[in-house]
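Below is one structure; the comments refer to it alone.
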Amino acid sequence: MTDHENLLVFGGTGQTGQHFTRLALAAGHRVRVLARTPSKLTLADDDLEVVQGSIDDDLDLDALLDGTDAVVMMLGDAAAQRERKVNTALVRRLVPAMRRSGTRRLLYQAGGLSAAPGTRLPAVLRVVRGTLARGYVGQHEDNEAVMRYLDEEARDLEWMVHRAGIGSDGPSKGELQRSSRRISIGTFVDCASYTLRALADDTAVHTCDGSSYRRG
Ligand SMILES: NC(=O)c1ccc[n+]([C@@H]2O[C@H](COP(=O)([O-])OP(=O)(O)OC[C@H]3O[C@@H](n4cnc5c(N)ncnc54)[C@H](OP(=O)(O)O)[C@@H]3O)[C@@H](O)[C@H]2O)c1
C-alpha cells in the first residue's frame, strides 16, 4: 500500500470505524464509506465519499469497488447476527466482486472471542464467551464463518483478519502490535490505528491474529 490509496470502508460509522475513517483521511487516503445513516459521520473532507446503503440491500458492489485499492470491514450488528450470518453473506458476495474489479486487499475486523480457523479459544476465553459475552455469540460465529471462508476459498486475495480485543472508547493506551499469542484490551482509537497500519503490512496477509500493547 502507498500513502494515497482508495479505501472502501464498511462500518465506518461504528466505534472503530469512526476513528479509522478520521485516521485514514489524515494519513492522506481517499475513503468511500457505505453507511446506513450517513449523518452519523460528522467528518467533512474532500477525500471522503459517503454512499448510503445497508449490507442487507442488493448492493452494486462493482460500483462501490470501482477505483478501490483495499477494503476495510469493521461491521457489527449483534441482533442481526444472532439471526443470520450477515457479514459472511456480504463477504461471499464481496470476494467475487473484488476479483472482478482487481481489488486485492481486504482487512476484516473480528473479535478476540472469535477463534481463528483450525484453532480453539483458550479455556478462559471460552468461559467469557459463554457467560459475560453471550449476547455476542452470533457475532463471533459470523466472524468465524468469515475467517473460514477467507481461509478456504479466498487465498488468492490479500486478506487479513484482526481479532481485536476492545474495552472502551477511552484515549490511546499505546501502540498495538500484531500478536498470534496475546490480545490486549485496547481502546477503539488504538484499534483503528492498528488497523490502518496492518492494512499496509504485507506480513499480516493470510493471518487471523490479535493485537497487544508493546510491553514495558
Ligand atoms: N465493540 C467491541 O468491544 C469489540 C471488541 C472486539 C471486537 N469487535 C469487533 O469489531 C467489529 C466492529 O466492532 P465495533 O464495535 O467497532 O462496531 P460498532 O460500533 O458496533 O459498529 C458497527 C458498524 O457496522 C455497521 N453496520 C451494521 N450493520 C450494518 C448494515 N446492515 N449495513 C451497513 N452497515 C452496518 C454499523 O452501522 P450503523 O452506524 O448504521 O449502525 C456500524 O458502522 C465487529 O466485528 C466486532 O465483533 C468489537
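Averaged over residues, the count of other Cβ atoms within 10 Å places the peptides 53-65, 119-131, 86-98 in the sequence 86-98, 53-65, 119-131, highest first.
Kirkwood radius, the chain, all distinct C-alpha pairs, inverse of mean reciprocal distance: 17.3 Å.
Working from Cα pairs under 8 Å separated by at least six residues, relative contact order for the stretch 1-153 is 22 percent.
Once the chain from Ser39 to Ser180 is taken as fully extended at 0.36 nm per residue, the excess over their C-alpha distance is 47.1 nm. Counting neighbouring Cβ atoms within 10 Å and putting the fewest first, the residues Tyr136, Tyr108 line up as Tyr136, Tyr108. In the chain, helices alone account for a calculated mean residue ellipticity at 222 nm of -10500 deg cm²/dmol, with every DSSP H run of four or more residues adding -39,500 (n - 2.57). If I build a Gaussian network model for the chain, linking alpha-carbon pairs within less than 10 angstrom, which residue out of Ser172, Ser114, Ser193 has the largest mean-square fluctuation? Ranking Ser172, Ser114, Ser193 by mean-square fluctuation puts Ser172 first.
Computed extension gain for Asp60 through Asp202, at 0.36 nm per residue and net of the alpha carbon distance, reaches 48.2 nm.
Bear in mind that the values in this text are calculations on the coordinates, not laboratory data. Everything numeric here is computed off the predicted structure, so don't read it as measured data. Note that each Cβ is placed from the backbone with ideal geometry, even for glycine, and that neighbours are counted across all protein chains shown.
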